[in-house]
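In what follows, a structure is listed as structure tokens, so that the remarks can point back to it.
No lab work stands behind these numbers, since they all come straight from the coordinates. Please read these numbers as outputs of a predicted model, since none were measured by experiment. Methodologically, a virtual Cβ is constructed for each residue, glycine included, from the backbone with ideal geometry; neighbour enumeration extends over all protein chains shown.
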Amino acid sequence: MAPLFIGKYGKIEQTKNHHFTKGCKMKITQEEVTHVANLSKLRFSEDETAAFATTLSKIVDMVELLSEVDTTGVAPTTTMADRKTVLRPDVAEEGTDRDRLFKNVPEKDNYYIKVPAILDDGGDA
């Protein structure tokens, strides 16, 4: 059979065990879909539940195909980006003088900035 996908890291072959239009190898039941929907506080009609079960079963089958990809000679990767890092180096720098920072603060008390109260004093919170 012809490959389903040929990429830079290998190919996925459609075998007689994988028929995506006729049936699924890994069956996700409507009961499982309903259970997960209930846990997620979601409600679906019977038709939607059946459609989700079929679609999710096909997705799981497609993911299982990845284990059949020939990755001989392919180095393990942890990211798809070609760059090693996109972050700048973390370099310690001298901080700004505290007195200079507080120069433009309208109200302060012992190096705390005073702001108008936004909460009631009478609550237990």
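Could I have the simple spin-label model distance between Lys103 and Ser67, label points 7 Å from Cα toward Cβ, reported in nm to one decimal?
Output for this residue pair reads 6.7 nm.
Of the listed peptides 51-59, 113-121, what is their order by residue-averaged count of other C-beta atoms within 10 Å, with the highest listed first?
Packing proxy ranking, top to bottom: 51-59, 113-121.
Using DSSP to define loop residues, name the GluC sites (Glu not before Pro) in the range 48-84 whose beta-carbon has at most 12 other beta-carbon atoms within 10 Å.
none
Can you list residues whose amide H is under 5 Å from Ile28's amide H, if they're 5+ apart or on another chain and H is modeled 1.01 Å from N?
Amide H neighbours of Ile28: Ser57.
Please state the shape class of the range 58-121: rounded when a/c is under 1.5, otherwise prolate if a/b exceeds b/c and oblate if not, all from the C-alpha gyration tensor.
Oblate.
³J(HN,Hα) across the range 46-52 via Karplus (A = 6.51, B = -1.76, C = 1.60, θ = phi - 60°), whole Hz, x for Gly/Pro?
4, 5, 5, 4, 5, 5, 5
Which chymotrypsin sites (Phe, Trp or Tyr not before Pro) from the range 72-122 combine a DSSP loop assignment with at most 16 other Cβ atoms within 10 Å?
Passing both the DSSP loop test and the Cβ count: Tyr111.
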